[in-house]
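A short worksheet on the structure shown next.
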Ligand code: S3P
């Protein structure tokens, strides 16, 4: 693997559906670049003093989305880092605009079967609590993929070891930075 430790001078923001691998890939990418890693959902939970699941349950999705906007807005102003966002964040026009303006956005695109398999490993995602995950994820793909496609970089998050996906992300970032 070629070395490219020099990191971009702005945040790298990972977007994509639940199960796309944003946290797993993001954490390792940050290590590679020697940058801090932040998971937006974790920060939202920290700010609220309770889990994302509890925020949805106790205060509703709108409260979560408001917190998401505040937290991501703040983090984007805190210098270069790798930031994993929750699957709904890039759907918000204001958040999307801020990301486009201040960061390099990377969509980790995964197909339905992969998302179903990966999301089945956790049971704390509020949007997958009610209803059939295949149906929910399928309709989120229809709704969100055309919007995620507006990210600066698109990388397929296939069923391969994380190192392979990270290598693809690094190469794509390099190409993006060198583009005229
Ligand atoms: C959501 C995805 C979750 C979390 C919240 C809502 C979404 O994050 O932000 O449950 O709207 O897709 P992950 O994508 O990290 O699971």
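The values are calculated or read from the model by the stated rules, or taken from the named source; none is laboratory data. Nothing here was measured: the structure is a model prediction, and the numbers come from that model. When we count neighbours, we look across all protein chains shown, and the Cβ atoms used for this are built from the backbone with ideal geometry, even at glycine.
Run down 71, 52 and say which single residue is within 14 Å of the ligand (Cβ to nearest atom) and farther than 16 Å from residue 11 by Cα.
52
Take residue 29 and tell me if it is part of a loop (DSSP other than H, G, I, E, B), more than 14 Å from the ligand (Cβ to nearest atom) and either crowded, with 19+ Cβ neighbours inside 10 Å or modelled with pLDDT of 95 or more (or both).
no
Looking for something in a helix (DSSP H, G or I), touching a residue at least 12 places away in the same chain (Cβ under 8 Å) and away from the ligand (no atom under 14 Å from the Cβ) - is there at least one such residue anywhere in the stretch 80-93?
Among the residues of the stretch 80-93, not one is in a helix (DSSP H, G or I), touching a residue at least 12 places away in the same chain (Cβ under 8 Å) and away from the ligand (no atom under 14 Å from the Cβ), which makes the answer no.
Exactly one of these conditions fails for residue 68: (1) in contact (Cβ under 8 Å) with a residue 40 or more places away in the chain; (2) buried (at least 17 other Cβ atoms within 10 Å of the Cβ); (3) out of contact with any strand residue (DSSP E or B) (no Cβ under 9 Å at 6 or more places or on another chain). Give me its number.
Among (1) in contact (Cβ under 8 Å) with a residue 40 or more places away in the chain; (2) buried (at least 17 other Cβ atoms within 10 Å of the Cβ); (3) out of contact with any strand residue (DSSP E or B) (no Cβ under 9 Å at 6 or more places or on another chain), residue 68 violates only (1).
For the stretch 49-63, state whether one or more residues are touching a residue at least 24 places away in the same chain (Cβ under 8 Å), crowded, with 19+ Cβ neighbours inside 10 Å, touching a strand residue (DSSP E or B) at 6+ places or on another chain (Cβ under 7 Å) and not in a strand (DSSP E or B).
No, the stretch 49-63 has no match at all.
With respect to residue 113, is the statement that it is more than 15 Å from the ligand (Cβ to nearest atom), over 25 Å from residue 33 (Cα atoms) and loosely packed, with under 12 Cβ neighbours inside 10 Å true?
So residue 113 passes the test.
Only residues that are part of a helix (DSSP H, G or I), within 10 Å of the ligand (Cβ to nearest atom) and surrounded by 17 or more Cβ atoms within 10 Å (Cβ to Cβ): list them for the stretch 32-44, please.
Residues satisfying the conditions are 40, 41, 44.
Take residue 22 and tell me if it is more than 10 Å from the ligand (Cβ to nearest atom) and either surrounded by fewer than 17 Cβ atoms within 10 Å (Cβ to Cβ) or modelled with pLDDT of 95 or more (or both).
no
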